[in-house]
Amino acid sequence: MTYQIIAPTAPRVPIVISVPHCGVAFPDDIKSQYVPELIAQPDDTDWFVDRLYDFAPALGITVIKAHYSRWVIDLNRNPESKPLYNDGRVITALTPTTNFLGESLYIGATPDPAEVQRRLEAYYLPYHQKVNDLLDDLQKDFPHVLLYDAHSIRQVVKTIHSNPFPDLLLGSNDEKSAHAALIKIALEGLAAGDYSLEHNTLFKGGHITRSFGQPSRKRHALQLERSKVLYMNDAETEYAPERAEKLKAILKPMFTQLITALKNLD
């Protein structure tokens with residue numbers, strides 16, 4: 001299974017939360033190709049982001065989360081490996097060969113084009129197809145649907161940005177992936193806390209947001225990138241429940257407002 005679905009426990013609403021980078025598993029047939037010390041604790045993982053949204057099913061939201069590590073294949077990259085940004089930052093590949101620090105992930109040879117294609121078909125396409133199917137199914141009951149792509153990042157990643165990241169970074173692909181009303185609600189909801197917040201700077205939304213955000217089809221998509229210290233300890237190694245609850249206190253009402261807005265969009 002390349003993904004896990006967490007079904008809503010309340011009447012469903014027109015939102016799907018995607019967590020594509022929380023997976024830590026490696027398929028048995030390729031696991032031995034990786035540097036053991038690195039995959040024992042895959043550092044580029046969006047640790048505990050799925051746990052951060054554990055309130056979602058009770059709101060009627062469907063959650064899909066990845067099973068395998070992004071080092072197997074990155075579900076938020078362009079399938080043709082076209083770069084998402086052209087500002088000089090380090091961008092790991094569809095099938096990464098290094099981590100964000102530039103360390104080699106493989107003991108020997110890296111995946112050749114045939115292996116990349118195999119992983120695309122085995123792990124990447126099923127996740128994207130399932131997201132599409134979930135949105136299709138929701139649109140049987142709701143005209144407008146929202147895909148919310150949930151991410152986190154270390155507070156400092158100098159290969160991407162020389163300074164610490166803002167606390168929260170909302171991406172809407174330069175306001176092309178979602179209706180303006182939904183973007184406004186998300187920004188206002190996130191601004192309700194005492195966190196620094198930016199919109200479409202540094203991260204505009206990855207391939208998931210850009211491909212599924214099609215407002216002309218009444219399909220909307222937003223990506224939220226957040227600093228890991230907002231819900232983890234200062235070392236970014238353990239879940240910090242008190243910090244997480246503080247963040248959830250602004251996320252929950254934001255989703256409630258998004259649900260209402262989706263149902264009332266023309």
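With the convex hull constructed from alpha-carbon coordinates only, the range 123-266 shows a mean projected area of 9.3 nm² over all directions. Pairs exceeding a 26 Å alpha-carbon distance, out of LYS31/LYS158; LYS82/LYS176; LYS158/LYS184; LYS31/LYS248; LYS184/LYS246; LYS184/LYS263: LYS31/LYS158; LYS158/LYS184; LYS31/LYS248. Our helix-only sum for the chain, with -39,500 (n - 2.57) per DSSP H run of n ≥ 4 divided by its residues, gives a mean residue ellipticity at 222 nm of -8000 deg cm²/dmol. For an R0 of 22 angstrom, estimate the FRET efficiency from the Cβ-Cβ distance between VAL156 and ALA25 and round to the nearest 0.05. For VAL156 and ALA25, the calculated efficiency is 0.20. Here the label points at ASP112 and ALA7, each 7 Å from Cα along the C-beta direction, are separated by 4.4 nm in the simple model. Each of LEU135, LEU75, THR2 was placed along the dipole of the range 2-148 (beta-carbon charges, centred on the mean Cα), and the one lying farthest toward the positive end is LEU135. With each label modelled as a point 7 angstrom along the Cα→C-beta vector, the ALA235-ASP133 pair spans 4.1 nm. Across all directions, the average flat footprint of the convex hull enclosing the Cα atoms of the chain is 13.5 nm². In the elastic network of the chain, a GNM with C-alpha springs shorter than 10 Å, the most mobile of ALA180, ALA221, ALA66 is ALA180. Using heavy atoms of the protein chains and a probe of 1.4 Å, the accessible area assigned to HIS199 is about 50 Å². Starting from the range 114-195, pick out the chymotrypsin sites (Phe, Trp or Tyr not before Pro) whose DSSP state is loop and whose Cβ has at most 12 other Cβ atoms within 10 Å. Loop-located and lightly packed - none at all. Annotation for GLN257 and ASP174: the two label points, set 7 Å from Cα along the Cα-Cβ direction, are 2.7 nm apart. Multiplying the residue separation of LEU265 and ARG217 by 0.36 nm and subtracting their alpha-carbon distance yields 16.0 nm. For the range 91-187, a crude dipole built from +1 on the beta carbon of Lys and Arg and -1 on the beta carbon of Asp and Glu, taken about the Cα centre, is about 240 debye to the nearest 20. Taking trypsin sites (Lys or Arg not before Pro) as candidate sites, keep only those in a DSSP loop with at most 13 other Cβ atoms within 10 Å, then name the longest stretch of the chain containing none of them. Between exposed loop sites, the widest span is 1-139.
The values are calculated or read from the model by the stated rules, or taken from the named source; none is laboratory data. All values reported here derive from a predicted model rather than from experimental measurement. Note that each Cβ is placed from the backbone with ideal geometry, even for glycine, and that neighbours are counted across all protein chains shown. Surface accessibility is based on the protein's heavy atoms, side chains included, excluding ligands, DNA and RNA. Shrake-Rupley method; radii C 1.70, N 1.55, O 1.52, S 1.80 Å.
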